[in-house]
Structure formats: C-alpha cells, structure tokens
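Asker: Structure below; questions to follow.
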Amino acid sequence: MDKPTINISTKNGVDYASVYTPYQISGRKQNKLVYLGRVIDKAAGIYRNKTMGTYKYCLETGEYTPLTNYEANPSLESPSAIFGDVFVARQVLEDHGLLELFRSADPVSPDTLTSYVIFRTISSLDDAQALTWWEGTFAKILTPLAQMDSPGLRACLSRLGELTVQTDFFKRYLARTTDGLRGNGILIDSPDPTPTSTQNLENAPSASNNRKDRIIQVIDKKTRAPLFIKYVTGPIIYDDILNETLAQLKTYNLSINMAVLDSNYYSQQCVTTLYRQSVPFFICLGFNSPHFNQLVDYTSDKIVHIKNMHIYNDSIYYIAPHQIDLFGHKGYAYAVIDSNRRQEETLQMVRSSGLGALSIDEQEEELKKCGFFLLISSNKLDPAELPPRLHRRIKDSLNLELLNQTRRFRSLESDDDSVFRGHLFLSFLSSICGTNLKNKLKLLKLSNVEALHSMHYMFCHKVGDKYMIDKPTPKMKKILNALGVNPPVFWPEVI
C-alpha cells in the first residue's frame, strides 16, 4: 500500500499543506485528504490552522503535537528584510551580464564579493558596518555564505588585491565591454584618494607634485563607465608609467581617445610619447609650475576682459588661447581664471599668516595668482568648450565617489598594501554597477541616491520556506520599469 504524502499548494505566495493517504474501495484507488493548514516550517513539520493553532505533525506516525509556546518565541520566525535596493543592484549586474563575471573574481567566496559590491553601491555605511547591513537585508538571503564581518572583508580585499586576479578580470571584462571598438577611452591620472588629500584635490585641477601614490583610470567616453584602474606607488618616473600603461591597455585592445593628466606629465619624454602614439592630451599646470611663465607671457590683468569671458554653471571663466611649441610639436595653451575658484583661494590666502609678511605690492601679485591656471592641449579647442570640459575633468579626476569609498574602507583598520589595492578594485566594480544604474535612470531624471532610497522601502517577508515580496508603489514601478526589472511575487520560485 502506498504511503501517505504531504502535498503543498501555494496561494498568493503563501504555502498550505494537506496530507494525502491512498486507499482502495472495490479495487479502485482513492485518496483521503486531511488539511494541515498554513506551512510555518516545512523542514520541522510545523503548521498552523484555526482549529489546532500551531502544531507539529509527524507524517510517519500521524501524531499531532501542539506547540503552545511557539507564538511566544520570535526566533522561530524570520523578521521582514529590506529587499528593493539590494534586488535592483543585483539585477542591474545580472542584466549587463556582469554578475557571474564579478563573482569569478573571487572563487574562494563569491557570495562575499557579490554582497560587498552591492553594499558599496547602495549603502553609505562604513565598511565595518557591512555585517549589520547584510543581516537586515535581502543580501543575507541572496548570498547566505557571505563573510561580511571585518576579517572576512579584509580577506576578500586581499584576494582582490592580487595583480593576477585583476589582470585576468580586465581581459574578460574589456573583451565584452569594448566589443572590438577602439578609441573610446579617456585616461585620467589622479592622486591616491586618501582623506588627507581632500584639500589638495578640491582646490586645484592639478595634483600636488609631492604626492607619489597615483590612481590611473580609464573611463568610457560616452557612458563614463569605468573601464580600467591601476594603482601606482612611488617613487614614480612618470614617462615610464605612461609608456607601461599605454602598452598594457593595448594588450586589452583598448585605445585612448584623450589623456587627462596633471603637471607631473609635462615633460619632453611624456609629451613625445603621447604624440608618437597619437594620443590627444589635456594637461593642467598650476600658476606656480616652473613651466607656466615659459609657455605663456600672460598676466591676470590681460585675461580679465569681457571678450575672454564665458559663463558655465554659475561661474565666470576668463580664457585666453595661445598657440605654443610643445617640444617640437604644435600645441595650444589656454590661460584660465575661474572666478569661483579665485574667490575661494583669495579668501584662503587673506586668512593665511604668510600673506602679512609680504609688502603691499607683493601681496597684490600673490592675490592675482588666485584661480589662475594653464591648460595645455595637443588639439585646438574652442574656448567656449573648455568650461564644461574642465568641469568634467575635475569631477573625473577627483573621483569623489572613490574618495568617499576610501573613507569607508578606513574603518576596517588595515594597513596591508594588498588589501588597499583590493579596496580600489572593489571600488572600481561597484562604480561599474553604479554607472549602469545611473545611465538607466536618466529618463526619469532621478539620481541613484533618490531611486535607491525609494526602493529601500520595499520589503520581503518569510512565509514558510519562501519570501513574500511587497507590491511596489507607483514610484517604485516607474523605477523598476526604467531599469527593465520585474520583481518576483516571492523568492526563489520567480526570478
């Protein structure tokens, strides 16, 4: 005779169980049906109905054991978990074919890497708080094997810091991203994004010449998506670094549409390399650069003229173009005064103690330097195009997102170089996710922060061995439609 079985049916995302006991009447098979009720814990055989309340049922013996204290024990049922923002970030990676590619970068613990990337993309918490975030969100359900405590995160970053891991990733990532297209990359060099560099970064388009650690990045010209990142630590010979980087990018079949560099790269060797390899470039020189007065004999008085005035983003720029010789090549210099930057630097200089030691005439000359810098270009540019180019250049080179993520990383309290390299690489991965999300939200005119904040309030609830997903609000639906994402009614049956 056949043994009884428990059959489970689902209605509106909730599981209900019944016992089917086969028997025969006059040689014909029949089933006796006994309704058990709502499934509370399938593995433990716990059910609930109006007649018996919560109880445990044993299929082998047919015994019912009331669980009078079950309701009083909150640990037996899972609380709600934050679902929407985690799910959106995960789907953005999957829809771009990047989820498995990212996971393969850490075969030791792909769940840790997946959750870490999502955490960096959607949360502003310090890295040391990642475990608390993970435990209260859908990330714990999505990546149950993730090691999100500080030792686990440091171990993950250490593995990602291996150069062989990064080289292998770039080969596979760029092979699918560039898809054979060439000349679409913008190379940007900027200082190591440590919190101590904030002041230098915010006050100058060019980096400090005394800084040794550098971050070399390549972004996509059209989408601004990150394509490549490289951490270089001093002592640095800049022409060697430039040659090595360009050669490395060629192995990935990635050519450069524009190199955006600072004054460290203004040398005959670097300029010659850029011209020889047909790489257009854009170099910023501060007023105190030794090459400044050699290139253009301009004073701020000559530049501040209405014919040189251009307005962009509530700031006035005075720009005077000049053709120059760049180590035997025709080039162009643009003397620039940024009125907003001039005001900020003037205020800083007036408040400094060193200004008082100068004579009135010397003070006047020093104040004229405020907000005054020089842009060197291999191509002739329309001065009216320079303010938006300069705005993008500062935004890209400062990489405030990377600066913020480095601040968060410091909470892990690690001085290991490989861990820091891994942090930069993980920041690169989360930037890819964030940029893809941003590009999809353009039509809605929503920032990532606004969209993710709205999705944060979409929850999932444990129902038996599944998770019931909240219905999205009208605003959530617009966001999900823009991203091309269809949330499931429950997890994991519908993905």
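Asker: Listed residues G484, G434, G422; which is closer than 29 Å to V14 by Cβ, of a type in the set (G, A, S) and touching a residue at least 60 places away in the same chain (Cβ under 8 Å)?
Answerer: G484
Asker: Can you tell me which residues in region 119-143 are assigned to a helix (DSSP H, G or I) and touching a Lys or Arg at 6+ places or on another chain (Cβ under 6 Å)?
Answerer: Selection gives D127, W134.
Asker: Okay, moving on. Only residues in region 371-384 that are more than 13 Å from Y265 (Cβ to Cβ) count as the first member; pair them with residues that are of a type in the set (D, E), Cβ under 7 angstrom, at least 6 apart or cross-chain, and list the lot.
Answerer: Between residues of region 371-384 that are more than 13 Å from Y265 (Cβ to Cβ) and residues that are of a type in the set (D, E), the close pairs are G371/D338; G371/E345.
Asker: Still on this structure: Assuming K307 fulfils every condition listed in (1) exposed (fewer than 12 other Cβ atoms within 10 Å of the Cβ); (2) modelled with pLDDT of 85 or more; (3) not in a helix (DSSP H, G or I) apart from one, which condition is it?
Answerer: It fails just one condition, (3).
Asker: Ok, one more. Restricting to region 329-344, and then to whatever is within 14 Å of C284 (Cβ to Cβ) and hydroxyl-bearing (S, T, Y), can you tell me which residue is surrounded by the fewest Cβ atoms within 10 Å (Cβ to Cβ)?
Answerer: That would be Y332.
Asker: Here's another thing I want to ask about it. Can you name the residue in region 365-417 that is farther than 22 Å from H310 by Cβ and not in a helix (DSSP H, G or I) and, of all such residues, is modelled with the lowest pLDDT? Explain how you work it out, then say what you get.
Answerer: Here is the first cut: in region 365-417, the residues farther than 22 Å from H310 by Cβ are 365-367, 399-417.
Next, from what is left, pick out any that are not in a helix (DSSP H, G or I): 399, 413-416.
Working: N399: 56, E413: 91, S414: 91, D415: 88, D416: 91.
Step by step, filter region 365-417, then rank; the result is N399.
Asker: Also: I'm trying to understand the selection: among the residues of region 5-44, which are touching an Asp or Glu at 6+ places or on another chain (Cβ under 9 Å), farther than 18 Å from Y467 by Cβ and not hydroxyl-bearing (S, T, Y)?
Answerer: Within region 5-44, P22, K29 meet the criteria.
Asker: Same structure again: Test D415 against the stated conditions and say whether it is of a type in the set (D, E) and more than 23 Å from the chain's Cα centre (by Cα). Spell out how you get there, then give the answer.
Answerer: Working: of a type in the set (D, E): yes; more than 23 Å from the chain's Cα centre (by Cα): no.
When the stated conditions are applied, D415 does not pass them.
Asker: In this structure, does V19 turn out to be free of Cβ contacts under 8 Å to residues at least 60 places away in the same chain, closer than 28 Å to H461 by Cβ and under 54 Å from the mean Cα position of the chain (by Cα)? Don't jump to the end; show me each part of the working.
Answerer: Values: free of Cβ contacts under 8 Å to residues at least 60 places away in the same chain: yes; closer than 28 Å to H461 by Cβ: yes; under 54 Å from the mean Cα position of the chain (by Cα): yes.
When the stated conditions are applied, V19 passes them.
Asker: Do we find that V260 is touching an Asp or Glu at 6+ places or on another chain (Cβ under 9 Å), among the hydrophobic types (A, V, I, L, M, F, W, C) and buried (at least 18 other Cβ atoms within 10 Å of the Cβ) in this structure?
Answerer: Yes, satisfied.
Asker: Check I319 against each of (1) under 25 Å from L227 (Cα atoms); (2) modelled with pLDDT of 85 or more and name the one condition it does not meet.
Answerer: Condition (1) is where I319 drops out.
Asker: If you don't mind, there's one more thing I want to ask. Output yes when any residue across region 455-466 is farther than 22 Å from L142 by Cβ, part of a helix (DSSP H, G or I) and of a type in the set (A, V, I, L, M, F, W, C), and no when none is.
Answerer: no
Asker: Sticking with this structure for a sec: Return the only residue of E60, E71 being in contact with a strand residue (DSSP E or B) (Cβ under 8 Å, 6 or more places away or on another chain), at pLDDT below 85, exposed (fewer than 15 other Cβ atoms within 10 Å of the Cβ) and outside any helix (DSSP H, G or I). Step through it out loud before you land on a result.
Answerer: Values: E60 fails: in contact with a strand residue (DSSP E or B) (Cβ under 8 Å, 6 or more places away or on another chain).
Of the residues listed, the single one that is in contact with a strand residue (DSSP E or B) (Cβ under 8 Å, 6 or more places away or on another chain), at pLDDT below 85, exposed (fewer than 15 other Cβ atoms within 10 Å of the Cβ) and outside any helix (DSSP H, G or I) is E71.
Asker: Okay, moving on. Tell me the residue from N243, N293, N210 that is surrounded by fewer than 21 Cβ atoms within 10 Å (Cβ to Cβ), modelled with pLDDT of 80 or more and not in a strand (DSSP E or B), please.
Answerer: Residue meeting the stated conditions: N243.
The values are calculated or read from the model by the stated rules, or taken from the named source; none is laboratory data. Predicted, not measured: the structure shown is a model, and the values here were computed from it. All Cβ positions, glycine included, derive from the backbone under ideal geometry; neighbour counts span all protein chains shown.
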